[in-house]
Amino acid sequence: MNLFDLIAAFFRWIGRVCKKSFALFLDSLHLSLHYWFVSVPVIILFAGLAFYYSRPLNRIYKAEGIVYLNGPLIEDVKQVFKPVEQNYHFFPGQDLQKILNLTEDETDGLRRFEIFNVIDYNNDSTVDMVDYKRNHKLDDTINVVMPHVLCIRFLTKRPDNVPVVGEHMIAYLNNSAALKAAYEKKKVLLERKATFWHDQLEKLDSLTSAFYFEQGASAQAQMKWGNGMVLGRREIALFLPEIMDAYKKAEDVDHELAKATAPVVIQQQFTTLPRAINGRLKCLVLAVIIGYIIGALIALIISKRKDIQKWYRG
């Protein structure tokens with residue numbers, strides 16, 4: 001079998017699957033219409049459950065925020081965050097009220113806390129995508145997993161409580177002794193780097209001033225060579241490229257040091273996605289599909305009831 005035969009066989013298989021799927025749909029539709037007194041009530045029942053589940057007071061929203069790590073590693077933060085992810089309301093001391101120091105009203109409707117890696121496609125320190133599916137490898141050199149950035153997400157029925165929950169969550173992480181120790185080391189290193197580059201700027205500035213004002217720009221250089229003498233005009237090479245490079249590095253370090261106010265920081269508050277995960281239309285469509293399938297299965301059982309009784313008895 002060559003490549004053309006293989007492709008042709010694949011498309012023939014796709015055609016048979018589509019044909020059998022369509023025939024199965026027609027059979028189920030025939031059963032549902034024949035036993036409409038069974039399938040229609042089932043569909044209505046599931047549609048009613050969908051309306052009830054998607055009522056405004058029961059709508060569930062996603063809330064998330066991008067956090068930056070100053071010193072701690074990603075795995076360290078994930079380890080500290082595990083009690084929040086695995087909170088249990090029925091175990092004393094392991095519920096969100098105790099872990100995050102929240103009130104009962106603030107924890108109402110909270111569920112499914114998760115941490116995701118953040119992807120930088122162009123390796124330019126810019127957040128391009130959140131790895132919600134967790135399928136990016138840490139050693140990927142094209143889609144770089146940012147080593148000091150994470151996305152925290154949770155579900156809630158109370159969007160008004162999202163800022164408070166997010167604030168307590170960041171405070172919980174920053175109270176970790178392990179994360180604080182890593183932060184202190186990082187801050188000391190940043191301060192040393194900032195001092196170094198500012199000193200380099202001063203030295204370059206002093207060196208430039210010495211060449212301009214002490215040595216003089218119009219002096220001539222003399223060099224003996226054999227029995228003669230070579231005279232030449234000395235040109236001063238400016239240090240502007242080195243100075244601008246030092247300025248850039250000092251600016252970057254100062255910017256990083258200004259943001260390093262805690263082990264884990266968030267530039268903006270946690271935001272709530274406006275579309276609920278259990279919206280009315282989405283739930284209704286799923287409910288109708290599930291109700292149709294279950295109604296068709298019940299209708300099939302009714303149509304085969306004699307065969308089922310015969311099998312059971314004998």
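The values are calculated or read from the model by the stated rules, or taken from the named source; none is laboratory data. Keep in mind it's a predicted model, so treat the numbers as computed, not measured. All Cβ positions, even for glycine, are placed from backbone atoms using ideal geometry, and neighbour counts span all protein chains on display. Calculation scope for accessible area: heavy atoms of the full protein, side chains included, ligands and nucleic acids excluded. Shrake-Rupley method; radii C 1.70, N 1.55, O 1.52, S 1.80 Å.
Go through (1) in contact (Cβ under 8 Å) with a residue 40 or more places away in the chain; (2) open to solvent by 50 Å² or more (accessible area, probe 1.4 Å) for CYS283 and report which single condition fails.
(2)
Consider ALA276 against the criteria (1) open to solvent by 50 Å² or more (accessible area, probe 1.4 Å); (2) in contact (Cβ under 8 Å) with a residue 24 or more places away in the chain: it satisfies all of them except one. Which criterion is unmet?
(1)
Give GLY93, GLY65, GLY71 a once-over and let me know the one that is closer than 26 Å to ASN117 by Cβ, modelled with pLDDT under 90, open to solvent by less than 50 Å² (accessible area, probe 1.4 Å) and of a type in the set (Gly, Ala, Ser).
GLY71
Are there any helices (runs of 4 or more DSSP H) wholly within region 234-314 with 3 or more residues that are out of contact with any Gly (no Cβ under 8 Å at 6 or more places or on another chain) and under 30 Å from GLU75 (Cβ atoms), and if so which? Write out each step before concluding.
On the way: elements: 240-259, 280-303, 305-313.
In region 234-314, the matching helices (runs of 4 or more DSSP H) lie at 240-259.
Taking the stated definitions as given, is GLU184 within 30 Å of ILE99 (Cβ to Cβ) and modelled with pLDDT of 65 or more? Working first, answer last.
Details: within 30 Å of ILE99 (Cβ to Cβ): yes; modelled with pLDDT of 65 or more: yes.
Against the criterion (within 30 Å of ILE99 (Cβ to Cβ) and modelled with pLDDT of 65 or more), GLU184 qualifies.
Filter region 27-45 for residues that are in a helix (DSSP H, G or I) and either over 43 Å from the mean Cα position of the chain (by Cα) or small (Gly, Ala, Ser) (or both) and give the result.
Correct list: ASP27, SER28, HIS30, LEU31, SER32, LEU33, HIS34, TRP36, PHE37, VAL38, SER39.
Which one of these is of a type outside the set (S, T, N, Q) and at pLDDT 80 or above: LYS203, LYS224, LYS193?
Details: LYS203 fails: at pLDDT 80 or above; LYS224 fails: at pLDDT 80 or above.
Answer to the selection: LYS193.
Please enumerate the residues belonging to region 236-256 that are under 29 Å from VAL162 (Cα atoms) and open to solvent by less than 50 Å² (accessible area, probe 1.4 Å).
None - no residue of region 236-256 is under 29 Å from VAL162 (Cα atoms) and open to solvent by less than 50 Å² (accessible area, probe 1.4 Å), so the list stays empty.
Please find, within region 96-126, the residue that is most open to solvent (accessible area, probe 1.4 Å) out of those that are touching a Phe, Trp or Tyr at 6+ places or on another chain (Cβ under 8 Å) and in a loop (DSSP other than H, G, I, E, B).
Among those residues, the one meeting the criterion is ASN101.
Pick from VAL164, VAL188: which is in a helix (DSSP H, G or I), touching a residue at least 12 places away in the same chain (Cβ under 8 Å) and open to solvent by 20 Å² or more (accessible area, probe 1.4 Å)? I'd like the intermediate steps shown before the answer.
Values: VAL188 fails: touching a residue at least 12 places away in the same chain (Cβ under 8 Å).
Residue meeting the stated conditions: VAL164.
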